[in-house]
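Trainee: First the structure, which I've put down as structure tokens, then a few questions once you've had a look.
The values are calculated or read from the model by the stated rules, or taken from the named source; none is laboratory data. Because the structure is a prediction, the values reported are computed rather than measured. Cβ coordinates were reconstructed from backbone atoms using ideal geometry, including for glycine residues, and neighbour counts include every protein chain displayed.
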């Protein structure tokens, strides 16, 4: 085990000890397309899968990206980049965003940012219902 593997192991234990780690339910939507009617999007009643993620609640001061756009998210979660799940964000195919449930609250993934450290940051927006 090299120093980076030891660091990754200790970081996971630290997040767990601080209570920032949670089991997240993933709901992958299905899309059908009918000419003239467009896309119909459906979400399953049961989660497609569950994964462990580190939670990052929203900040009181939003970030500003290099283009000057203010960026906010209701919740950011960090998952392993090699988790093996294809996450959809708005604008992909029929615009069916991957649904996520954390502690009984529904979110959709709005943004995916590869952190270049083995983690993906998933910017999530809270929703009442999935479209």
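Trainee: Starting from region 104-116, take each residue that is in contact (Cβ under 8 Å) with a residue 40 or more places away in the chain and list its partners that are in a strand (DSSP E or B), counting only C-beta distances under 6 angstrom and pairs at least six apart or across chains.
Mentor: 111/123
Trainee: Also, quick follow-up: Tell me which residues, restricted to region 30-71, are surrounded by 13 or more Cβ atoms within 10 Å (Cβ to Cβ), part of a loop (DSSP other than H, G, I, E, B) and either in contact with a helix residue (DSSP H, G or I) (Cβ under 7 Å, 6 or more places away or on another chain) or modelled with pLDDT under 90 (or both).
Mentor: Matches in region 30-71: 58 only.
Trainee: I would also like to ask the following. So, in region 15-29, of the ones that are closer than 16 Å to residue 80 by Cβ and assigned to a helix (DSSP H, G or I), which residue ends up modelled with the lowest pLDDT?
Mentor: If we take residues in region 15-29 being closer than 16 Å to residue 80 by Cβ and assigned to a helix (DSSP H, G or I), then 15 is modelled with the lowest pLDDT.
Trainee: Given the criterion outside any strand (DSSP E or B) and over 8 Å from the mean Cα position of the chain (by Cα), identify the matching residue among 101, 89.
Mentor: Being outside any strand (DSSP E or B) and over 8 Å from the mean Cα position of the chain (by Cα) holds for just one of 101, 89, which is 89.
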